[in-house]
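Quick notes on the structure that follows.
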């Protein structure tokens, strides 16, 4: 009774109600979210994990712009059928540099967390150009204009700089060469190509992703991004191998 | 409407519009190489039109002092009209993208019309455009009447209403141009988000200022919910949208959080957008319009207290059930599941309160489609919250997650609960607001009711079936121990359900159009009903005419 008596008095005070609502609503988030930043085991260690190149980051931004995340997840759950279908389950570290994350919530199309290098560049270009040319029953929209739209690169340094502000360790050198690295990654014969390897590591793929080495299109960027998915680190594949070796 | 403003209020309105126009001009300048410039132009044009509208009536005679003897309902009226416009647009886009999943070439080859860009146009139009405008309009209406106080001034409510609609407009036009943060239900970019913070803080201050003028000692239940809706949405919005823009001239920004922390923050936001936007606000609506329409007081004051604080506390823990079996630490997943189950208690206390309030007025539910909208809303609220708790169980979620079952669940809530309670409340308050005897056509309300109910049921059953079928196909193994179905096999199996869903959505859309037409014809009806003596700001008799919660 006294509880309701207390409430009877509380509900005659607007500020009391306001403070009560803020207090009641704050606790859950503080308990569940704050420790994720402080407990070290939340995100695994992955030494040698590489960063998105400027081209891949630009591709990721196209993926976001077109709303691909609305139909494709990038989070393989710890369930047997998902591991059999898509590959090793996703680790937290694999999206450590993903601002924002693109885990998704719906699979109108399949998961893409490990799509990288599963199909050829030509397949991706054909598929994005018109999905029904390669998958007749696909319900995915066609993205034909990606092949003809030039990629904007003049502000890629600003993008890398903003990424650094939120915690991605891009170096000054990477920022300074962002635009030329984007061009060179899709044109391996270009003289600037060595710099890409030097800055982003030997595992970086340099290819004319859209099949046109001299042109840097949005298709180049998107395919470069799709081909790197699941390949920033091998932590997920390694841990299973290690577990199996231990048995 | 502008004639109702005093000279000083007209001056303030012009100054605020000019400041916004200037802001738009700065955005044009800073974002001249970016899509942000287009938004700057849109903001400038909108505010210049506003300045001309006010300027056109600037020298109109000042309003009489008589206005202070009435509630200030003009913003509520405009809010309801805007709400009905947004619902038609939002449902139409929703049904269009539903048909795109039947025939993907319905994009007609353009970028702006592809599923990925239109889907947030649909969700934002219905949630924020339709739902948000209805919440703002009804909250002003309910706040004044349950406080027996007039809104403190005549400019702030317009700033909130038009400022909010500018937010919605920037959001949906942005998606079609490709401006998005990708966070579901929080897609608008940083400058649009900042703008909403300004509008939202103003909204809450307006609420407190009106409450401070109230003539009733107690704050009615509806206002607790509206206050929780405004406050918690502000908290969620600010935290989840923390981001660093590429530059002050770029629309694009990068989220302050990444990976697992970003995922948890996003679904803490996402689930509580459901809780505090789509539940708390609409419960506030329900607690006023249902007892008023039924002519009966709320069944239990104590149940309303328990459900209010239960919802406010428990919901904030539940977001992590969106991340079962992911890379989120399991202790957070378990907490999310546990609190989702406990959430059933306050949710069913609310749903029970609805149905028990109607107990004794079932003859009215039978005869009055408006009240039936509210009753069905209560039933769907109970069903959906049960389903939500059920789907939050890890083992159930392993089947339902990533499938259409989630889409079905969301639409059971959004169509069955949110839209139904809103249509019921709008049909109740449109004649009250415009001083008409009744809605233009009760038959159209009846038709709308059955179209809405049929559309919802068809939609939800189609998605339940397709979700469960797809979830089961994904996990089916052959005798040899390999997966039995490819992903493409499941697409073929989905096809008939996608047709059924689009048909259900079409029925709901037709109902919405009938509703918009009916509201419009009611506004255009000649003659006004006599003013209700209890519907004036003075404290006539304490509690008369108002569903009084106090013991």
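Structure values in brief
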item	result
Within 10 Å of each Cβ in A:61-72, the average number of Cβ atoms from other chains	6
Helix-only [θ]222 nm of chain B, DSSP H runs n ≥ 4, -39500 (n - 2.57) each, per residue, nearest 500	-22000 deg cm²/dmol
Which of B:43, B:2 has the fewest Cβ neighbours within 10 Å, and the rest in rising order	B:2, B:43
Acute angle (nearest 10 degrees) that the helix A:54-65 long axis makes with the longest principal axis of chain A, alpha-carbon atoms	50 degrees
Folded to 0 to 90 degrees: helix A:156-165 orientation relative to chain A principal axis, Cα	30 degrees
Per-residue average of Cβ from other chains inside 10 Å of B:231-238	2
Inter-probe distance in nm under a simple model that places probes 7 Å from Cα toward Cβ, at residue B:8 and residue B:362	5.7 nm
Pairwise FRET efficiency - residue A:215 versus residue A:6, Cβ, R0 = 60 Å, nearest 0.05	0.25
Amide N proximity, region B:29-45 versus residue A:154 label position 7 Å along Cα-to-Cβ, cut-off under 18 Å	B:29-38
Distance between modelled label sites at residue B:484 and residue B:461, nm, 7 Å Cα→Cβ extension	2.5 nm
Neighbour-count ranking [beta-carbon atoms within 10 angstrom, fewest first] of A:71, B:513, B:168	B:513, A:71, B:168
Cα-Cα pairs of region B:1-69 separated by more than 20 Å (percent)	40 percent
Cβ crowding within 10 Å averaged over residues, with B:132-139, B:456-463 ranked highest first	B:132-139, B:456-463
Region B:114-142 versus region A:1-19: alpha-carbon centroid distance in Å	32 Å
Inter-part distance where region A:154-207 and region B:426-464 are each reduced to a Cα centre, Å	57 Å
Estimated 222 nm signal from helices in chain A, with DSSP H stretches of n ≥ 4 weighted -39500 (n - 2.57), rounded to 500	-14500 deg cm²/dmol
Global geometry of region B:1-146, whether rounded, prolate or oblate, following the gyration tensor of its Cα atoms and the 1.5 cut on a/c	oblate
Rounded FRET efficiency, nearest 0.05, which uses the C-beta distance separating residue B:341 from residue A:19 and R0 of 25 Å	0.35
Highest-first arrangement of A:80-89, B:372-381, where packing means the average Cβ count within 10 Å	B:372-381, A:80-89
Cβ neighbours within 10 Å from other chains - mean over B:109-118	5
Cβ crowding within 10 Å averaged over residues, with B:217-223, B:251-257 ranked highest first	B:251-257, B:217-223
Stretch gain in nm, segment residue B:454-residue B:493, where the contour uses 0.36 nm per residue and the Cα spacing is subtracted	11.7 nm
Gyration tensor verdict on the protein assembly as shown (Cα atoms; rounded if a/c is under 1.5, prolate if a/b is larger than b/c, oblate otherwise)	prolate
Region A:36-106 versus region B:186-256: alpha-carbon centroid distance in Å	30 Å
FRET efficiency for residue A:41 and residue B:523, using Cβ-Cβ distance with R0 set to 60 Å, rounded to 0.05	0.50
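Bear in mind these aren't lab numbers, they're just calculated from the coordinates by the rules spelled out. As the structure is a prediction and not an experimental result, all values here were calculated from the model. Note that we place each Cβ from the backbone using ideal geometry, even for glycine, and neighbour counts take in every protein chain shown.
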